[in-house]
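Just so you know, all these numbers are worked out from the coordinates, no wet-lab data involved. For clarity, every value in this text was computed on a predicted model and none was experimentally measured. Cβ: placed from backbone, ideal geometry, glycine included. Neighbour counts: every protein chain shown.
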Amino acid sequence: MTSIGGAGMVDWNLAVATATRLVRPGPEISREEAREVVAELRRHAKAAEEHVRAFTRMIPEGSEPEDTPVLVVDRAGWIKANVAGFRELLRPLLDKMEERRGGGAGGAVLGAVGSKVTGVEVGMLLSFLASRVLGQYETFAPATRDLPASADGGGRLLLVAPNIVHVERELEVDPHDFRLWVALHEETHRTQFTAVPWLRDHLQGEIQSFLDETDVDPMTVLERLREAAQSLAGGRPEGEEGEDGGRSLVEVVQTPAQREILGRLTAVMSLLEGHADYVMDGVGPEVVSSVGEIREKFQQRRARGASRLDQALRKLLGLDAKLRQYRDGERFVRAVVDEVGMDGFNRVWTSPNTLPTKAEIAGPADWIARVHRKAES
């Protein structure tokens with residue numbers, strides 16, 4: 001992997017090497033059992049495709065959306081796939097910062113810090129996440145020699161085998177049921193993006209707008225990071241938190257324009273994650289006999305976190321916000337389907353204008369009034 005933007009703001013090779021060196025080892029498992037897990041996950045991914053299509057009715061009968069590969073990977077494979085995605089998504093921002101680095105105090109500071117340090121920091125972040133992700137539909141996924149993607153340069157489904165085995169053992173649930181349950185969630189994401197052709201470009205456009213609004217002056221970025229770190233570490237005096245109190249690093253390091261964009265992104269991600277949770281539980285009773293037990297134990301695991309360090313990092317990285325997205329989004333989907341049925345809910349996929357706003361995620365009746373009653377009047 002080559003660096004980005006001239007001399008390079010991030011040493012991506014070092015990021016991969018650091019992450020793979022620091023990531024926790026997976027659960028102890030024999031070679032034969034590992035082969036069986038991989039084979040079963042592939043079968044479940046194929047079965048989940050049919051279950052999700054039938055339940056969601058997002059893909060009309062007789063039509064065949066763009067195919068995207070399903071990859072069963074280990075933690076190192078997940079790291080490599082995500083570094084490739086980060087490189088692609090962050091390329092415009094890092095190119096802008098590279099141009100600004102050439103002169104002035106900010107450029108000198110970042111030059112001193114160097115792409116090596118940044119690569120190590122990115123690697124440390126990925127090493128933390130790599131042992132926690134069960135599966136992922138990688139929307140922005142350029143093909144590499146080892147990791148194929150869809151023909152248009154984006155889209156692949158990843159199932160992280162060692163993490164799935166670790167969690168099913170930790171929860172003491174039926175492993176075959178749990179593997180299918182996870183596959184149903186991730187397959188829903190694949191269906192969302194393959195059945196709704198405009199969704200990927202819309203999401204990428206919002207993310208790029210967010211990045212375009214970033215203060216590209218390196219000194220400004222570093223100052224915002226310093227302030228964010230102080231607030232998250234409790235560096236401000238008690239009672240002087242202000243409006244940034246309790247925010248994650250992702251939320252603090254942004255401009256007012258970015259906060260508006262982030263509100264739209266949060267609504268979309270809440271929809272996608274909540275829809276996947278709704279589908280995995282809706283399909284579950286028909287094909288996953290122990291779905292009730294799995295959901296209860298999994299929710300408890302989500303809520304408590306693994307340790308105080310884990311909880312602190314979740315807060316820092318904004319992962320607590322992602323947990324709220326699952327909950328709030330699932331509540332929105334359930335309320336809409338209960339009121340107007342699955343086909344009525346599927347109007348959400350008509351265009352970017354029919355996506356719910358952040359306020360509508362919290363108030364599903366407002367979305368129904370805007371999209372359904374307005375169209376019927």
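Modelled label-to-label distance, THR144 and THR255, 7 Å Cα→beta-carbon offset: nm?
3.2
How many nm is it between the label spots at LYS358 and ALA17, if each spot is 7 Å from the Cα in line with the beta carbon?
Roughly 4.1 nm, to one decimal.
When you count, for each residue, the other Cβ atoms within 10 Å and take the mean per peptide, how do 69-77, 35-43 rank with the highest first?
Order by mean packing, descending: 69-77, 35-43.
If each residue of separation counts as 0.36 nm, what is the full-extension length gain between ASP366 and ALA54 once their alpha-carbon separation is subtracted? List each step's numbers first, then the result.
Details: separation 312, 0.36 × 312 = 112.32 nm, distance 2.78 nm.
Full-extension gain reported as 109.5 nm.
If R₀ is 30 angstrom, what is the calculated FRET efficiency for the pair VAL117 and ALA76, using the beta carbon separation as r and rounding to 0.05?
Using R0 = 30 Å, I get an efficiency of 0.85.
Which peptide among 183-191, 142-150 comes first, and what is the full order, when sorted by highest mean count of other Cβ atoms within 10 Å?
Averaged packing, sorted descending, gives the order 183-191, 142-150.
How much length is gained if the chain between ASP212 and GLU64 is pulled fully straight, taking 0.36 nm per residue apart and subtracting their Cα-Cα distance, in nm to one decimal?
Details: separation 148, 0.36 × 148 = 53.28 nm, distance 3.54 nm.
Using 0.36 nm per residue and subtracting the Cα-Cα distance, I get 49.7 nm.
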